[in-house]
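Trainee: Shown below is the structure under consideration.
The values are calculated or read from the model by the stated rules, or taken from the named source; none is laboratory data. Remember, it's a predicted structure, so these values are computed and weren't measured experimentally. Positions of Cβ are generated from backbone atoms using ideal geometry, with glycine treated the same way; all protein chains shown enter the neighbour counts.
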């Protein structure tokens with residue numbers, strides 16, 4: 001948004017934190033290893049970073 005506002009500055013720090021989670025029903029708990037493998041793979045193969053870059057986001061941190 002700041003890029004579209006001439007003279008705008010982005011201050012250090014953060015004003016908003018969005019944490020993401022994936023929920024699995026108790027009766028589908030057997031799917032947890034598959035979901036974990038999918039998410040871990042997307043983080044390690046660069047899929048998440050690519051999506052962040054393509055969205056033009058800055059200051060996004062993906063926890064380890």
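Trainee: Which residues, counting only those in segment 16-64, are part of a loop (DSSP other than H, G, I, E, B) and closer than 18 Å to residue 1 by Cα?
Mentor: Step one: list which residues in segment 16-64 are part of a loop (DSSP other than H, G, I, E, B), which gives 16-25, 45-46, 55-64.
Within segment 16-64, 16, 17, 18, 55, 56, 57, 58, 59, 60 qualify.
Trainee: Give the residue that is surrounded by the fewest Cβ atoms within 10 Å (Cβ to Cβ), with candidates limited to residues of segment 1-34 that are within 23 Å of residue 55 (Cβ to Cβ) and touching a helix residue (DSSP H, G or I) at 6+ places or on another chain (Cβ under 9 Å). Write out each step before concluding.
Mentor: Taking segment 1-34 and keeping what is within 23 Å of residue 55 (Cβ to Cβ), we get 1-6, 8-22.
Now narrow it down to the ones that are touching a helix residue (DSSP H, G or I) at 6+ places or on another chain (Cβ under 9 Å): 8-10, 22.
On the way: 8: 9, 9: 6, 10: 10, 22: 9.
Restricting to residues being within 23 Å of residue 55 (Cβ to Cβ) and touching a helix residue (DSSP H, G or I) at 6+ places or on another chain (Cβ under 9 Å), the top hit is 9.
Trainee: Here are 13, 7, 59: which of them is at pLDDT 90 or above and on the phi > 0 side of the Ramachandran plot? Reasoning before the result, please.
Mentor: On the way: 13 fails: at pLDDT 90 or above; 59 fails: at pLDDT 90 or above.
So the residue among 13, 7, 59 that is at pLDDT 90 or above and on the phi > 0 side of the Ramachandran plot is 7.
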